[in-house]
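Peer 1: Below is the structure I would like to discuss, written out as structure tokens.
All of the numbers you see were taken from the coordinates with simple rules; none came from a lab. Just so it is clear, the structure is predicted and the values come from calculations on it, not from any experiment. Neighbour counts run over all protein chains shown; Cβ positions are idealised from the backbone, glycine included.
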Amino acid sequence: MKIEELEAKNLNDPRRPALKKMVEEKGMLWAVAAMVEGSIGYHSPKSAEIRIRQLMEDRLVQGCERSHAVFAGDSIEEIEHDFKVFQAIEEQDPERAKRIMQIVEKVAKWKHESQVGFGLLYPTFNI
């Protein structure tokens, strides 16, 4: 698929309204925590927030290595996946979801380099 086609698909994706509604209902922190957890720390709180803001502002949601390697360049599918994973965690273990959000909220205040380090260690935290 050409870049232009991928961008048009992203901007006109019919999944966008449902994802935006979820962010509006659950909040930015929830969405950022969902992307951090769903990506096993690949996304830092800052990089997740950038993508969620792009979604909410009806802009092109930029791809990354993860979206290209795992989701064939479909960054909307990446967000949808992460939201579904976090919803399942919330249903199965609400306290774990709460802990993840608390940690992500704290880490979001760190400098970029520290957030990247956090992401590298995230899979080992067993939150």
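Peer 1: Tell me, in nm to one decimal, what length is gained between GLU91 and LYS109 on full extension, where the rule is 0.36 nm per residue of separation less the Cα-Cα distance?
Peer 2: Details: separation 18, 0.36 × 18 = 6.48 nm, distance 2.74 nm.
Fully extending the segment from GLU91 to LYS109 adds 3.7 nm.
Peer 1: Given a cut-off of under 8 Å on Cα pairs at least six residues apart, what relative contact order in percent is computed for the stretch 3-124? Before the final figure, lay out each step's value.
Peer 2: Details: 121 pairs, mean separation 40.6, N = 122.
Relative contact order for the stretch 3-124 comes out at 33 percent.
Peer 1: Note down the net charge around HIS43, summing +1 for each Lys or Arg and -1 for each Asp or Glu among other residues with Cβ under 10 Å from its Cβ.
Peer 2: On the way: positive: LYS46, ARG51, ARG66; negative: GLU37, GLU49, GLU78, ASP82.
Cβ neighbours under 10 Å give a net charge of -1.
Peer 1: Which lysines have a Cα lying under 22 Å from the Cα of LYS20, excluding residues fewer than 8 positions away in the same chain?
Peer 2: Straight-distance partners of LYS20: LYS9, LYS46, LYS84, LYS98.
Peer 1: Place +1 on the Cβ of every Lys and Arg and -1 on the Cβ of every Asp and Glu in the stretch 1-78, take the dipole about the Cα centre, and give the residue among CYS64, VAL36, LEU11 whose Cα lies farthest towards its positive end.
Peer 2: The listed residue farthest towards the positive side: VAL36.
Peer 1: While we're on this one: Is there a quick way to get the dipole size of the stretch 2-127? I mean about its Cα centre, with the Cβ of Lys and Arg at +1 and of Asp and Glu at -1; what is the value in debye to the nearest 20? Walk me through the numbers on the way to the answer.
Peer 2: Values: 19 positive and 22 negative charges, 76 e Å.
Here the stretch 2-127 has a charge dipole of around 360 debye.
Peer 1: In Å, what is the Rg of the alpha-carbon atoms in the stretch 1-48, and how long is Dmax?
Peer 2: Calculated on Cα positions, Rg and Dmax stand at 12.9, 34 Å.
Peer 1: Please report the equivalent ellipsoid semi-axes of the chain, computed as sqrt(5 x eigenvalue) of the Cα gyration tensor, largest first, in whole Å. Numbers along the way, then the final one.
Peer 2: Details: eigenvalues 112, 54, 33 Å².
Output for the chain: semi-axes of 24, 16, 13 Å.
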